[in-house]
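Comments concern the structure below.
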Amino acid sequence: MVLVTVLIALFLFLMGRQTMAIFSLVIVVGLLYFHWFSLRYAQQFTAPLGQKVSIVGLVGKVSESGESQRADLQLSDQYQGKIRVTLPLYPEVKYGDVLEFEAGLNAIDGPSQGYFKKEGINATAVFPKNVEIVEHNQGVPIKAGLLAIRDYVQDSFGRVLAPSQATLMTGLVFGKSGGFDKEFSEKLKATGTTHLVALSGYNIAVVINSLFLILGFLINRRQSVWICIIAVVGFVVMTGAESSVVRAAIMAIILVIAERSSRIYSMRNAVVVTAFLMVMINPRILVFDIGFQLSFLALLGIVYLKPAIDTYFRVSSKSSFLGWRENLTTTVAAQLMVLPILFSSFGFFSPLSVITNVLLLSFIPYTMGLGFFIVLAGLLSYYLAFLVALPARLLLGYELAVINLFAKIPFGFTVENFPGIIGALYYFIVIAFILYVRWRDQVTPLDFSGEQKRLTI
């Protein structure tokens, strides 16, 4: 296949199609890089499978799931590689702990194989025997400190908010949904609001805007820019470096650097550079990371499809009550762009998610902002934090009520098998629609409320 692609690239080059030839060669280089990447990780795993062995490993990522906790271990001592081990809730393990236990390691197969490959996990172990924490605080000190800050913030919410509200606030701020019970997780899926507790550019934007607002009263703009960049990197590490937040963080850093150097920020170039960097670090996310796919497609929907929808349906650019019009078109554009992925990966889509998001999105920044002030107030006094938490209780109560209400309405579309050719045809129609609106607007510029509205795709 590689040889055929190279020959096609040579033919295109001789025919004067240099751009297509370069694109074909990029595909070849990408395939070779993916193969080399996969081979390198396969060779790094040396532990035997299917037989009882003694394991020693450093705890990396930890998450709770029901009545158990899952920890990713980087093996040390006599074996190399990375495994995921399922443990009882207690004793609680943390980042930087060194575990020792006996277990038979299981090979990874089935539908979840791609996910584990993307995570670099080579094998699993379920409830091993004789688990012992032999050392503490063996991780990177900076990361351990950031995770300690995250745990402190989560505890601050738990002290002044009701349990369900504290869990939702933690999810909004850090993207931690592990504390949700199965019933509420299903409600989030049914109402299309899972993205609220899966960190994205929305959360990064709130963090940066809040920092700029506070730092603007304390230091000059040049210093605040670098502090914001450091804070964004720390926030990514603190929240587990999921694909959506890494994507948003890279694009935010590019934006901040562009403003600092007085250069024009190009959304298209930022998207390309961000995707390239992420795929170079881990090419498996391109195929096996649903979060990566949803994050970029939703962003492309907001950047390209939303302006086309606004122009085609003559949506007014004037501000609306609580920004409902802006939230409506943004949600519709993002949902339309990710629709094939939702059907192919989850087999379900609820049109009610549009209404639910319109009712919620305007209040999320205020809720997150109050969460930030709850933490600051908690440093001074519990009673002050309790007072700050009162408006947060109202907002969180409203958001939970909306989710619970719309989750009771059984309205959605279920698809068991979604053909790839249908998805390709769907995106062809979406791209054709965007190009048509752009062409029409260039030929006959439309006028809304006395202002000419042009697309900048």
(request) Determine which single condition K318 fails, assuming it passes every other condition in (1) closer than 26 Å to A190 by Cα; (2) modelled with pLDDT under 80. (result) (1)
(message) Given (1) outside any loop (DSSP other than H, G, I, E, B); (2) surrounded by 15 or more Cβ atoms within 10 Å (Cβ to Cβ); (3) within 27 Å of the chain's Cα centre (by Cα), identify the lone condition not met by Y115.
(response) (2)
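A quick yes/no check of all residues on (1) of a type in the set (V, I, T); (2) modelled with pLDDT under 75; (3) surrounded by fewer than 19 Cβ atoms within 10 Å (Cβ to Cβ); (4) within 30 Å of L328 (Cα to Cα):
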residue	(1), (2), (3), (4)
A166	no, no, no, yes
G179	no, yes, yes, yes
S185	no, no, yes, yes
K189	no, no, yes, yes
H195	no, yes, no, yes
S200	no, yes, no, yes
I208	yes, yes, no, yes
(message) Quick check on region 353-378: of everything there that is touching a residue at least 24 places away in the same chain (Cβ under 8 Å) and small (G, A, S), which residue is farthest from V338 (Cα to Cα)?
(response) G378
(message) Any residue that is in contact with a helix residue (DSSP H, G or I) (Cβ under 6 Å, 6 or more places away or on another chain), assigned to a loop (DSSP other than H, G, I, E, B), touching a residue at least 12 places away in the same chain (Cβ under 8 Å) and closer than 18 Å to L188 by Cα - is there at least one of those in region 382-403?
(response) no
(message) Against the definition (assigned to a helix (DSSP H, G or I), under 20 Å from the mean Cα position of the chain (by Cα) and over 16 Å from G158 (Cβ atoms)), how does P365 come out, yes or no?
(response) yes
(message) Let me spell it out: the conditions are (1) surrounded by 13 or more Cβ atoms within 10 Å (Cβ to Cβ); (2) within 30 Å of A385 (Cα to Cα); (3) under 22 Å from the mean Cα position of the chain (by Cα), and G120 meets all of them except one. Which number is the exception?
(response) (2)
(message) Taking the condition of being in contact with a helix residue (DSSP H, G or I) (Cβ under 9 Å, 6 or more places away or on another chain) and of a type in the set (S, T, N, Q), how many residues in region 72-129 meet it?
(response) 3
(message) Looking only at region 254-280, count every residue that is in a helix (DSSP H, G or I), among the aliphatic types (A, V, I, L, M) and over 16 Å from the mean Cα position of the chain (by Cα) and tell me the total.
(response) 10
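Here's the yes/no breakdown for (1) part of a strand (DSSP E or B); (2) in the same structural domain as I133 (by TED's automatic domain parsing); (3) modelled with pLDDT under 75:
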{"position": "F23", "(1), (2), (3)": "no, no, yes"}
{"position": "V26", "(1), (2), (3)": "no, no, yes"}
{"position": "G30", "(1), (2), (3)": "no, no, no"}
{"position": "D72", "(1), (2), (3)": "yes, yes, no"}
{"position": "V93", "(1), (2), (3)": "no, yes, no"}
{"position": "G96", "(1), (2), (3)": "no, yes, no"}
(message) Pairs needed: first member in region 409-421, touching a residue at least 40 places away in the same chain (Cβ under 8 Å) and of a type in the set (S, T, Y); second member anywhere, surrounded by 12 or more Cβ atoms within 10 Å (Cβ to Cβ) and not in a strand (DSSP E or B); C-beta distance under 8 Å; at least 6 residues apart or different chains.
(response) T414/G347
(request) All but one of (1) touching a Gly at 6+ places or on another chain (Cβ under 9 Å); (2) more than 30 Å from Y382 (Cβ to Cβ) hold for S63, so report the exception by its number. (result) (2)
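The values are calculated or read from the model by the stated rules, or taken from the named source; none is laboratory data. What you see is a predicted model, and the numbers here were worked out from it, not measured in a lab. We place every Cβ from the backbone using ideal geometry, glycine too, and count neighbours over all the protein chains shown.
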